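> Take this structure first; my questions come after.
Any read-out appearing in this document is the output of simple, stated calculations on the displayed coordinates, not a laboratory observation. The model shown is predicted, which means the values in this text are computed figures rather than measured ones. Every residue, glycine among them, receives a Cβ derived from its backbone with ideal geometry; neighbour counts consider all protein chains shown.
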Amino acid sequence: MNLLFDTNILLFYIRKDPHAEELTQLYHPFDDRNISLISIVTQAELLSLSFQFDWGEHRKGILNRLVNQFLVVPVEAMDLVNIYAEIDAFSQGKMKNNPLPGGISARNMGKNDLWIAATAHITHSKLITTDNDFDHLDKVYLDLIKVPNR
């Protein structure tokens, strides 16, 4: 199974949060059962956080070792660009041939979340996240695995 990890999930691993061990036991991201991926956007977000919070060399080392365990998907493929645009229009309720499901209101997604959703779509990955911003895309553009953020 392909698993795409959102930025907030990788932060569990960097912080050695108990969620990380639970996720490892449930989904086995680091063995041969699955292909574990991240978007290059996630890598950039994590690097930005390392600057913003002035992470020391130890924590930056943890980040680098963690990122090296994932297949990092770049954003240069035209398929990715096209699905990004489609998901953005869908999220804003602007797709005449693919309207939002009943009871779901239009929304502007963050641009990084759009790239991550598009990456999950084109790689046929289940997106693992704590983020509610992807809920309206579940079973439409991607399969979502929601992790409670306790």
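> Taking only the alpha carbons of region 8-89, what extent do you get along each of the three principal axes, in Å, biggest first?
So the three principal-axis extents are 38, 34, 21 Å.
> Continuing with this model, one more query. So, R0 is 30 Å and r is the distance between the beta-carbons of Arg59 and Lys111; what FRET efficiency does that work out to, to 0.05?
Computed FRET efficiency for Arg59 and Lys111 comes out at 0.70.
> Quantify how much of the Cα-Cα distance distribution of the chain extends past 28 Å, in percent.
When every Cα pair of the chain is considered, 20 percent fall beyond 28 Å.
> If amide hydrogens are placed 1.01 Å from N in the peptide plane, which non-local residues have theirs closer than 5 Å to the one on Ile35?
Counting only residues 5 or more places away or on other chains, the set is Asn2, Leu3.
> Still on this structure, I have one more. At 37 °C and 0.692 mPa s, what whole-number value in µm²/s does Stokes-Einstein give for the translational diffusion of region 62-150, with Rh from the Kirkwood sum over Cα pairs?
236
> Under the rule that an exposed site lies in a DSSP loop and has at most 13 other Cβ atoms within 10 Å, name the longest stretch of the chain with no chymotrypsin sites (Phe, Trp or Tyr not before Pro) of that kind, not counting the sites themselves.
The longest such stretch corresponds to 54-150.
> Using alpha-carbon positions, what is the distance between the centroids of region 116-136 and region 23-41, in Å?
Region 116-136 and region 23-41 have Cα centres separated by 14 Å.
> Over the chain, calculate the relative contact order: mean separation of alpha carbon pairs under 8 Å at least 6 apart, over the residue count, as a percent.
Across the chain, relative contact order equals 28 percent.
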